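Below is one structure, written out as structure tokens; comments come after it.
Values quoted throughout were computed directly from the atomic coordinates according to the rules given, and no laboratory measurement underlies them. No experiment lies behind these values; they were computed from the predicted model shown. Methodologically, a virtual Cβ is constructed for each residue, glycine included, from the backbone with ideal geometry; neighbour enumeration extends over all protein chains shown.
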């Protein structure tokens with residue numbers, strides 16, 4: 001094994017180790033992870049929440065045993081592959097060993113450590129962005145048309161993972177048109193690659209069409225409940241923080257693609273960066289949507305810095321660029337990861353608040369970062385639901401209906417019973433089994449509507465009790481309540497069917 005490969009192996013090994021040790025065992029999986037894992041039981045070409053690729057990985061995880069180890073392995077793998085592509089880009093740009101090490105450190109000690117903690121589409125999304133830019137560099141370097149086909153395949157898989165990758169294309173199109181590289185549009189292979197891309201994404205587009213384009217409803221709901229709270233200042237501040245240790249390298253990378261003569265053929269990357277960022281700002285996108293934009297510029301910057309520091313007194317500055325990400329990672333280690341107890345974070349909340357980590361999607365500050373609060377209380381909820389389900393007569397005729405996908409997914413993941421919890425929220429809307437004649441209802445409700453639930457639902461059953469609540473006060477679902485209703489006086493299935501149809505009609509109308 002060569003020295004370079006040994007160092008690369010060390011980076012990748014360290015990446016996997018960090019992804020496992022940066023999460024304290026007292027935290028459960030995160031809310032979204034439960035939904036994605038449940039998709040393995042309902043494979044389809046599309047979902048109300050995300051495109052289908054995540055479900056494919058979920059199915060692999062299910063076959064491997066569905067353990068936390070494998071759930072955390074795949075986002076760590078996608079992060080390691082992102083690092084590998086940046087490494088290979090530096091080699092392609094003829095960067096030396098110093099450039100490789102600098103690029104590796106900047107990618108390793110970045111926001112990707114936090115992003116790659118969670119089993120969500122975001123990790124694969126960043127990988128696809130980075131790979132797409134890499135094949136474009138390959139094409140601009142060699143002008144071999146095979147890279148156009150690789151680009152089409154990568155974009156298609158990125159699209160089937162998360163529609164966010166469309167922003168990369170929206171940024172590249174005007175950049176290409178304004179550059180000398182617009183000659184690519186005259187090549188027939190470019191259009192063949194587009195056709196290949198369309199063929200690959202067509203099943204998902206057909207699913208969207210068949211289901212009345214739920215993506216429109218999802219985006220409208222997102223804009224009304226979350227994107228409306230996006231502040232431009234916070235968006236820009238977070239862009240600086242994502243790769244804070246590698247920020248000088250990224251800035252040098254942007255300068256290099258514009259002015260460094262050996263990078264002349266890559267000038268479109270400067271315009272692409274500007275256009276993509278402006279498009280994100282225009283649509284008031286969440287800050288983390290733009291993370292995939294940055295890794296490739298670390299490669300440009302690392303190569304340029306290694307070149308300008310290779311002679312004279314500037315050589316003494318080499319350790320400085322290595323130390324910056326290392327030193328800046330130290331404070332991030334203490335606030336950016338769930339490696340401390342909730343009690344500790346609440347008692348030492350000032351640094352979290354200063355960095356904006358306590359601000360949730362509702363635009364307000366809370367006790368813990370939202371992702372961390374979303375990793376608490378789920379085992380407790382599932383355990384209590386399990387216990388109550390065991391006491392219900394005619395268990396097979398009992399439906400567990402939850403307020404949100406996190407509750408349903410967590411119960412399905414942790415339960416030791418034959419429970420298939422559902423919700424009118426997200427993908428669970430399509431997963432009701434109405435072939436079972438339900439007589440009993442276990443209802444999991446957010447705390448705000450407890451009195452209303454008991455008052456409205458209990459008259460339709462012979463017995464109604466509150467069976468338990470989530471008692472972890474730091475959980476986002478704190479005080480979520482489990483109601484148990486038995487021996488229905490009405491046709492539960494008919495009522496469920498009405499509710500499902502109403503919700504689906506709402507999606508269609510949007």
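For segment 104-219, what Kirkwood radius comes out of the mean inverse Cα-Cα distance, in Å?
Across segment 104-219, the inverse of the average 1/r is 15.7 Å.
Helix 378-391 against the longest principal axis of the chain: what's the angle in degrees, Cα atoms only, rounded to the nearest 10?
Orientation of helix 378-391: about 20 degrees from the principal axis.
Relative to the longest principal Cα axis of the chain, at what angle does helix 295-308 sit, 0 to 90 degrees, rounded to 10?
20
Hey, what number do you get for the chain at 222 nm if only DSSP H runs of n ≥ 4 count, each worth -39500 (n - 2.57), divided across all residues, to the nearest 500?
When only DSSP H runs of four or more count, the value is -18500 deg cm²/dmol.
Below 8 Å, C-alpha to C-alpha, sequence gap of six or more: please give me the relative contact order for the chain in percent.
Relative CO of the chain lands at 17 percent.
Cβ neighbours within 10 Å, averaged per peptide: list 25-33, 331-339 in order, most packed at the top.
In decreasing order of mean packing, 25-33, 331-339 become 25-33, 331-339.
For the Cα atoms of the chain, what angle does the longest principal axis make with the long axis of helix 68-92, in degrees from 0 to 90, nearest 10?
With both axes taken from Cα atoms, the answer is about 20 degrees.
To check you understand DSSP bridge types, tell me what percent of the beta bridges within the chain (both residues inside) are antiparallel, rounded to 5.
Rounded to the nearest five, the antiparallel share is 65 percent.
Viscosity 1.567 mPa s, temperature 4 °C: Stokes-Einstein D of segment 182-315 from its Kirkwood Cα radius, in µm² per second?
72
Contact order normalised by length for segment 378-509, with contacts defined as Cα pairs under 8 Å and 6 or more residues apart; what percent is it?
Over segment 378-509, the number comes to 24 percent.
Based on the mean of other beta carbon atoms within 10 Å per residue, what is the order of 63-76, 112-125, 149-162, 398-411, most packed first?
398-411, 112-125, 149-162, 63-76
Can you compute the equivalent ellipsoid semi-axes for segment 152-198, i.e. the square root of 5 times each eigenvalue of the Cα gyration tensor, sorted largest first and rounded to whole Å?
Rounded to whole Å, the semi-axes are 20, 15, 5.
Taking each pair of distinct Cα atoms in segment 317-449 once, what is the resulting Kirkwood hydrodynamic radius in Å?
Answer for segment 317-449: a Kirkwood hydrodynamic radius of 17.9 Å.
Run a plain Debye calculation on the chain (Cα atoms as equal point scatterers, no solvent) and give log10 I(q)/I(0) at q = 0.08, 0.10 Å⁻¹, rounded to two decimals, same order as the q list.
Treating every Cα as an identical point scatterer, log10 I(q)/I(0) equals -0.56, -0.84.
Over segment 445-510, what is the relative contact order in percent, taking alpha-carbon pairs closer than 8 angstrom and at least six residues apart?
Result for segment 445-510 is 31 percent.
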